[in-house]
Amino acid sequence: MTHTINAGLACFLLFPTGPWGRCMGSECGPGGSQSRAVWCAHSEGWTTLHTNCDQSQRPDNQQRCFRVCDWHKEMYDWQLGAWNQCVPISMRNSGVQRPAICTRAEEGIQTREVGCVQKANGEPAEDAICEYFEPKPRLEQACLIPCPRDCVVSEFSPWTSCSKTCGMGLQNRIRSVLAPPLFGGSACPNLTEFHTCHLGLCAGEESLYSVRVGPWGPCSVPLPRQARQAGNERLRDKGKMKDPETAELIKKKRTRNRQNRPGGKSWALQIGYQTREVNCVHKSGTVEALSFCAEASVPITYQACVMSKDCEVTEWSEWSACSKECYDPNGPKGERSRSRKVTQFPVGQGAGCPELEEREPCSPLGDKVPPCIVYSWKATEWSECRVDVLLSQQDRRRGNQTGLCGGGVQSREVYCVQSAADSLLHLFNSLRPVDSDLCLGVPPNTTQFCHISCPVECEVSAWSAWGPCTYENCQDQVAKKGFKLRKRRIVNDPTGGMGNCPHLVEAIPCEDPSCYDWLVVRLDECVPDNDSSECGPGTQNPQVQCVNSDGEYVERQMCRDAILPMPAICEVPCPKDCALSPWTPWSLCSHTCSGKNTEGKQTRARSILAYNAGEGQGIPCPNVSSLQEARSCNDHPCTVYHWQTGPWGQCIEDSSIPATNTSAGRARGDDNSCSIGMQTRKVICVRVNVGQVPPKKCPESLRPDTVRPCLLPCRRDCIVTPTATGAPAHQHARQRKQHRKRIVIQYPANGGQDCPELLSQERECDAPSVCQGYRWKTHKWRRCQLVPWSVRQDSPGAQETCGPGLQVRAVSCRKQDGGQADVEACLEHSSPMPALTQLCQMPCQEDCQLSAWSKFSSCSADCVGVRTRKRMLIGKSKKREQCKNHQVYPLTETQYCPCNKYNAQPVGNWSDCILPEGGRVEGQLGMKVQGDIRECGQGYRYQAMGCYDQDNRIVETSRCNSHGYIEEACIIPCPSDCKLSEWSNWSRCSKSCGSGVKVRSKWLREKPYNGGRPCPKLDHVNQAQVYEVVPCLSDCGQYVWVSEPWSVWKVSNVDLKDNCGEGVQTRKVRCMLNTIDGPSEPVEDYLCDPEEMPLGARNSRLPCPEDCVLNDWSAWSPCPLPCNSNSTRQRSAYPLRQPGEGKECPPTTETEPCKHNTNCFHYSYNITDWSTCQLSDRAVCGSGIKTRMLDCVRSDSKSVDLKFCKELGLERKWSMNASCVVECPVNCQLSEWSPWSKCTHTCGLAGKLWRRRTVVQVPQGDGRPCPVQREQWKPCPVRPCFSWRYSGWSQWAVCGEGLRFRNVSCFVSDGSGQELSLVDDELCGDVDFSVDGDINITLQEACTVPCPGECYLTEWTTWGRCQLSCMGGDDLGFGSVQVRSRAVVAQDPENLLQCPEQEQEARPCTEGQCLDYKWRTGPWRGSSRQVWCERSDGINVTGYVAMCVLAVKSVLQTLCGVRFLQAGVCGCEEGYTEVMTSDGLLDQCTVIPVLEIPTAGDNKADVKTIRAFNPTQPANSSPGRAGRTWFLQWKLKTWVYGVAAGAFVLLVFIVSMTYLACKKPKKPQRRQMNNRLKPLTLAYDGDADM
């Protein structure tokens, strides 16, 4: 049972194996071993014991292996096979269906073989070895199988003419292949179509046979001389007859000729012969006996020829030395060459010569190779800074602009020099300018921005008040002379020191000077003299302080010599006394000095506050005049003196300074100073308004210095470069000149040596050296050699030694002076080599022999005379009658003399207007800018002149005695800058108190034109061009209210006894200009703040006697901040008169609450906007300052004096000044004109010379823009264009294979593509021997002329357009291809079966393009139109047009047009009726007409034809038969419409005639057209039933 089970299980048990393990072993190579796991398992996957499996089938679990080591990597590698053909996926996988239509490309897979091999011998090895180092490359990859591309052919050509003039012939039309079939596409269709033609019966019997010649055979060498001598006893016997002496002479002559023959072996030409086969062929193509072609002349079957020899050259010579003799790794390399010589020139059809010279770049190497000269850029010093004014600053009043400052531009010249070396020669050469092309780097800038520091003007403060009379020198008080001084200080330090400031001190002589004095600070309260009384007379003690003459407090002991002020007398009123107010302060002095008519005065006043008790009671009040006091002030005379200084003189050398101090300037680091000098100035004493006075009038102690030290600038000599020899300038029409110049490196200064006057030189160029020329020298033609007699013995006349042959000659190379030269020189520098062979004719006995033509006789006169040449009969020809026929053999030839008439005529357009050379005007500071170049004015323009001969052929212009140009004056308009008006007046400050702005502006006067400087931005509101806004500060105290003292009381309730009670006081209040000396003059009241205006009247109570009298209230105390309604402010007064008994004084203080914006204010700073950029007075641009100001603004938005904000200590965190830049007006700077270029054409009428210039500095700001014209042209001198051209191929009279020939001739043209004219070949001597750029001149080629009736192939078409394999405009990546083809042409219908197959060739190409194909349609003609396929390059194609893919339905719909498709059949749309042909087919669709009756006023009533008007489909018609229904209705009712139309026309005719008969005749002068009603006409629409 167990066995049975085991036997059953054995069918399902097997030995699975694991992967082989790593190869193990002690040595590298094949000695290793590897193992794997082997077990017994059921087919369902479960394992069992090994014994249950068949042990005989157990696999090995160990094997020998190759142990790989690292060094095996150099011995083994993967070998990759080529990719196999791409196989579609559908062929590999049966489940994948191949697409029915290929739209782009089909996906496929391609495979290859990959194996591990030994590198040494390619022996295969285990893959595991290579896998150890690198994974196995992939064995297959995806690929694309392009869609099949059918052949594309062009349209057919027109039909050829009939191949026969009579009888049955053929007409052919052919087409060419445009794209070959690719990727299994359809083959090309037939390229030829035939049809028979019959022009009529032949008059005679048709010729059935023609002579056909075969190709010439190879050129063969005649038999050797020994063989010829053995076969020709006559010649041998003739040779024996010579005596030895004659034979020796002949031998020497032959030897001498052989030695003088140039070239030796290379010129050894061997004459041979060649033969061809001549057959008689039937028109069917069969070859017949020659006797059938007896009527035709049989061509010769032999001719002489030259044995072809290939070109042979020597071995290459050694390489020449490198043209560069120095070492420069970064510079351009040199060149070396080697050559080889020709030992055998090609003869006949031999292979041409290879290149005879080879060149390659090189660099010299070795320790002894010197380094190359290095060139570098060098620059001159910068020119002085030049500043151009802004347009806004152009002012006619500013004539002198030499002091302009600010931003500007400076320039320098950049040139190339040889870098300095150690030797003096190299050092000298390092200064000499060389050609700029030698410097490789980017040249330094030639312009840069600069800045001229603006001079700071001295600003001084206002004058202080006059001081006290003081000694000139308080340290020396011996002299009794004193001065009163007033001073001012320097607010802004000027450039160049204080010497440029006005005087700062003025003095007035005075008496009794003192240096120190007591100043009364204040007076104490009035104290009654009677201590027991509280009223009555008293005194006021002064509080004093010792001050110096400048008003400064000093120690009290300094005033020990001064008189101490005395106490002032005062009075304290008693209750019944008159009460007066205190004295007001003394007013300012009315004059600053006193003279005859002027006297300074000061006043003070007081008022009555209360009257006394009455007569006899109390002290009475004084009269009115006693209420005011006056005193003298400034009683010094108006004689003011001051020291006046002149400008500092030139710095001169100071001999008193020792030489050791001369280096002081350099010690300061100032390289421009060389020593210390001395400057002086004049100082005088001046009396104001008088002039110079003696010096003793002015204070000697204040006398300014007259001498000061200064730094002497270094002397700078002019430095120029050595003379640079410039290359020859451009060749003008009339002259050629050479220039050289020196460049100024440093300009002279401070008395240095001046520059030489002559910095550039010009001279005529030397006559150009003539290059060595070479020419071919031809030697005599050797005797004419015939075809050997053995070849021509069967020909008629072969017994004579005559007929066509070939003769040869040698050529040699000569220098122009006649010396010998290598042939290679002529091959490179001379014209083509002359022919070495030519056909010749040895006359037979019966031939007429004539001498060569003589030279033409001289001409007596050009154009009207004639010249002749002659020849004569020679030999026996003189006696033959047939040779005396002068029509066949003319002995004289006459021709008109050459006509050398030439006429000049202008050609082409006028050139640009060109200013004459040297049009540069040096700038103000020697700077070269565009504004300094003469850009406008009178110039000249040129037009080329062509010279033509009497045959209208262009010749050199010198034949017409012309320089080649017409010159005409022209004008280049000058640019006009934008012009602005002068500045307007400054506006008033925008604020009367605090900071504001004031503005001034300019208006546009004239716009720029011709490239002038542009205008600034335009303000379109008021057309102002330029604004200038500056800040202004209106001092809140510049206008003040000044009030006079209160008037006497006017009591309203008068108690005459007491003179007290309610009353009114008045005073005058005026607005006055406030100055440093106080209010000076009254001004309009509106200038003062109306809110601050004091009261001009007040109502109050005049105290009665014994009433308490108080003084005026003091100012209100300030409210505490911040404002609060709980806060208060107060004011106070003190009693001037104590009250009587029983009376009390009123309150001496008043209090009121603080109310915000009423009596309590907050203050804050307000910052203004920035001003425009402020420059110095003479600065035009560059760095400046913009300012803004602080306003102190009250909380009710009123601007107040800044002191209110300062007193509060508010933070000022803003910067009031900021730097700014005004863009400088930089004019466009252009380089100088380049030299004139070479002519754009070497010959012809269209040549132009160009010169250009570039922008060196782009314009900025309102600088002048760059001119538009930066290049100019003028015509080149007109020169004839000579060129080599082929003549037409020669025609061949017989059919078969042969050669055709053509010549190369010299032609002339004017280069405009017009007709060429033939001229002598000598005129093309300087032209390369090439035709249309092809140097391979082909003068003969094999050709085939088909025999009558023969079917043949056309010539190859030119290679077609290079096309890519594309789909939807995308390249599929299969490369590009182009094709050419040959079509079949048949002449006889009987030979069509013998025609060869058409041919086509395809080749890969580069730069292919994607071309697509589209359907094109023509206009409808009836019911048809033309449909064709067009390639995207415009070529129509035929044949297989699968490229033009359209759905069938869409094609039919396109063809149907207005018809519709139903089941593939065309029908008519709605609104159209069908017109059928006679055979029942749809011919066309016609619009169904509908009558439209016009109405009055309808503009559409001008109907010339009945037209369709919204045709609608009847409700009962079926959709498919709409057109047919309408057509039937129209045919049934035509008679109704006809009758209606006729009646309508008749009615219109009757009405019209009636109207015309009754109408008044119109005036003939005016004719009016009535457009409202037009007659309605009916037109016949072509219906046959109408």
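The values are calculated or read from the model by the stated rules, or taken from the named source; none is laboratory data. Please read these numbers as outputs of a predicted model, since none were measured by experiment. A quick note on method: Cβ atoms are made from the backbone with ideal geometry, for glycine too, and the neighbour counts reach across all protein chains shown. Keep in mind that these areas ignore ligands, DNA and RNA; they rest on the heavy atoms of the full protein, side chains included. Shrake-Rupley method; radii C 1.70, N 1.55, O 1.52, S 1.80 Å.
Can you list the strands (runs of 3 or more DSSP E) found entirely within region 106-204 that contain at least 2 residues being under 30 Å from S90 (Cβ atoms)?
Details: elements: 114-118, 140-146, 152-154, 168-174, 177-179, 192-198.
Of the strands (runs of 3 or more DSSP E) lying wholly inside region 106-204, those with at least 2 residues that are under 30 Å from S90 (Cβ atoms) span 114-118, 140-146.
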Legend entry - Qualifying residue in region 856-865 (condition: under 60 Å from the mean Cα position of the chain (by Cα) and either touching a residue at least 60 places away in the same chain (Cβ under 8 Å) or on the phi < 0 side of the Ramachandran plot (or both)): yes
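Residues checked against (1) in a strand (DSSP E or B); (2) surrounded by fewer than 13 Cβ atoms within 10 Å (Cβ to Cβ); (3) on the phi > 0 side of the Ramachandran plot; (4) modelled with pLDDT of 80 or more:
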site: F428; (1), (2), (3), (4): no, yes, no, no
site: P444; (1), (2), (3), (4): no, yes, no, yes
site: Q448; (1), (2), (3), (4): yes, no, no, yes
site: V456; (1), (2), (3), (4): no, no, no, no
site: S464; (1), (2), (3), (4): no, no, no, yes
site: G467; (1), (2), (3), (4): no, no, no, yes
site: C474; (1), (2), (3), (4): no, no, no, no
site: K484; (1), (2), (3), (4): yes, no, no, yes
Inset, instruction - Tell me, please, whether a residue that is out of contact with any Cys (no Cβ under 7 Å at 6 or more places or on another chain), more than 19 Å from R1194 (Cα to Cα) and outside any loop (DSSP other than H, G, I, E, B) can be found in region 1134-1142. - result: yes
Inset, instruction - Could you check how many residues of region 1378-1406 are in a strand (DSSP E or B), over 29 Å from S284 (Cα atoms) and of a type in the set (S, T, N, Q)? - result: 1
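Considering only residues that are part of a loop (DSSP other than H, G, I, E, B) and modelled with pLDDT of 85 or more, which ones fall in region 953-973?
Here is the first cut: in region 953-973, the residues part of a loop (DSSP other than H, G, I, E, B) are 953, 956, 961-964, 973.
R953, E956, P973 - these are the residues of region 953-973 that are part of a loop (DSSP other than H, G, I, E, B) and modelled with pLDDT of 85 or more.
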Inset, instruction - Give me a count of the residues in region 1354-1377 that are open to solvent by 70 Å² or more (accessible area, probe 1.4 Å), outside any strand (DSSP E or B) and closer than 16 Å to A105 by Cβ. - result: 1
Inset, instruction - Determine which single condition T1148 fails, assuming it passes every other condition in (1) among the β-branched types (V, I, T); (2) modelled with pLDDT of 85 or more; (3) open to solvent by 60 Å² or more (accessible area, probe 1.4 Å). - result: (3)
Legend entry - Inter-residue pairs, beta-carbon under 6 Å, first within 11 Å of F1282 (Cβ to Cβ) and open to solvent by less than 60 Å² (accessible area, probe 1.4 Å) and in region 1308-1324, second among the basic types (K, R) and part of a loop (DSSP other than H, G, I, E, B), 6+ apart: V1308/R953; S1317/R953
Legend entry - Members of region 1251-1307 that are within 30 Å of E1223 (Cβ to Cβ) and assigned to a strand (DSSP E or B): R1252, V1255, V1256, Q1257, Q1260, E1271
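Please verify whether L1033 is among the hydrophobic types (A, V, I, L, M, F, W, C) and not in a strand (DSSP E or B), treating the condition exactly as stated.
no
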Legend entry - Output for region 854-891, where each listed residue is open to solvent by 80 Å² or more (accessible area, probe 1.4 Å) and either in contact with a His (Cβ under 8 Å, 6 or more places away or on another chain) or not in a loop (DSSP other than H, G, I, E, B) (or both): K870, K876, K878, Q882, K884
Inset, instruction - Show the residue pairs that are 6+ apart or on different chains and have beta-carbon atoms under 8 Å apart, the first residue being within region 682-708 and without any contact (Cβ under 8 Å) to a residue 12 or more places away in the chain, the second being basic (K, R) and in a loop (DSSP other than H, G, I, E, B). - result: P695/R703
Legend entry - Residue under evaluation D1328, criteria (1) at pLDDT 85 or above; (2) open to solvent by 50 Å² or more (accessible area, probe 1.4 Å); (3) within 30 Å of Q838 (Cα to Cα), criterion not met: (1)
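For region 652-664, state whether one or more residues are at pLDDT below 85, assigned to a helix (DSSP H, G or I) and either closer than 30 Å to Q602 by Cα or touching a Ser or Thr at 6+ places or on another chain (Cβ under 6 Å) (or both).
Quick first cut of region 652-664, residues at pLDDT below 85 only: 652-664.
In the following step, the residues that additionally are assigned to a helix (DSSP H, G or I) were identified as 659-664.
Adding the requirement that they be either closer than 30 Å to Q602 by Cα or touching a Ser or Thr at 6+ places or on another chain (Cβ under 6 Å) (or both) leaves 662.
Looking through region 652-664, at least one residue is at pLDDT below 85, assigned to a helix (DSSP H, G or I) and either closer than 30 Å to Q602 by Cα or touching a Ser or Thr at 6+ places or on another chain (Cβ under 6 Å) (or both).
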Inset, instruction - Check off (1) at pLDDT 85 or above; (2) under 30 Å from I1337 (Cβ atoms); (3) of a type outside the set (S, T, N, Q) for F345 and give me the number that stays unchecked. - result: (1)
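Determine whether G926 is surrounded by 13 or more Cβ atoms within 10 Å (Cβ to Cβ) and at pLDDT 75 or above.
On the way: surrounded by 13 or more Cβ atoms within 10 Å (Cβ to Cβ): yes; at pLDDT 75 or above: no.
So G926 does not fit the description; no.
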Inset, instruction - Considering (1) more than 18 Å from C510 (Cβ to Cβ); (2) open to solvent by 60 Å² or more (accessible area, probe 1.4 Å); (3) at pLDDT 85 or above, say which one K697 fails and leave the rest. - result: (1)
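Listed residues R1380, R1403; which is of a type in the set (K, R), buried (at least 16 other Cβ atoms within 10 Å of the Cβ) and touching a residue at least 40 places away in the same chain (Cβ under 8 Å)?
Checking each option against the conditions leaves just R1380.
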Legend entry - Top-ranked residue of region 1249-1275 - restricted to ones that are in contact with a Cys (Cβ under 7 Å, 6 or more places away or on another chain) and buried (at least 18 other Cβ atoms within 10 Å of the Cβ), ranked as modelled with the highest pLDDT: L1249
Legend entry - Answer residue from region 29-70, given it is open to solvent by 50 Å² or more (accessible area, probe 1.4 Å) and aliphatic (A, V, I, L, M) and is farthest from D127 (Cα to Cα) among those: L49
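Among the residues that make up region 301-309, is at least one of them under 24 Å from C1351 (Cα atoms) and of a type in the set (K, R)?
no
If you take just the strands (runs of 3 or more DSSP E) that sit entirely in region 493-565, which of them hold at least 1 residues that are open to solvent by 90 Å² or more (accessible area, probe 1.4 Å) and more than 30 Å from C454 (Cα to Cα)? Step through it out loud before you land on a result.
Working: elements: 505-510, 516-523, 536-540, 542-548.
In region 493-565, the matching strands (runs of 3 or more DSSP E) lie at 516-523.
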Inset, instruction - Determine whether region 573-591 contains at least one residue that is modelled with pLDDT of 85 or more, touching a Phe, Trp or Tyr at 6+ places or on another chain (Cβ under 8 Å), open to solvent by less than 50 Å² (accessible area, probe 1.4 Å) and part of a loop (DSSP other than H, G, I, E, B). - result: yes
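When you scan region 848-869, how many residues do you find that are among the polar types (S, T, N, Q) and over 28 Å from E881 (Cα atoms)? Outline the logic, then answer.
So the first thing to find is which residues in region 848-869 are among the polar types (S, T, N, Q), and the list is 849, 851, 854, 857-858, 860, 868.
Pick out the ones that are also over 28 Å from E881 (Cα atoms) and you get 857-858, 860.
Of the residues in region 848-869, 3 are among the polar types (S, T, N, Q) and over 28 Å from E881 (Cα atoms).
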Inset, instruction - Quick one: count up the residues across region 251-273 that are crowded, with 18+ Cβ neighbours inside 10 Å and modelled with pLDDT of 65 or more. - result: 4
Inset, instruction - Could you list all residues from region 803-830 that are over 27 Å from C305 (Cα atoms) and either open to solvent by less than 40 Å² (accessible area, probe 1.4 Å) or of a type in the set (S, T, N, Q) (or both)? - result: R814, Q816, G818, G819, Q820, A821, A825, S830
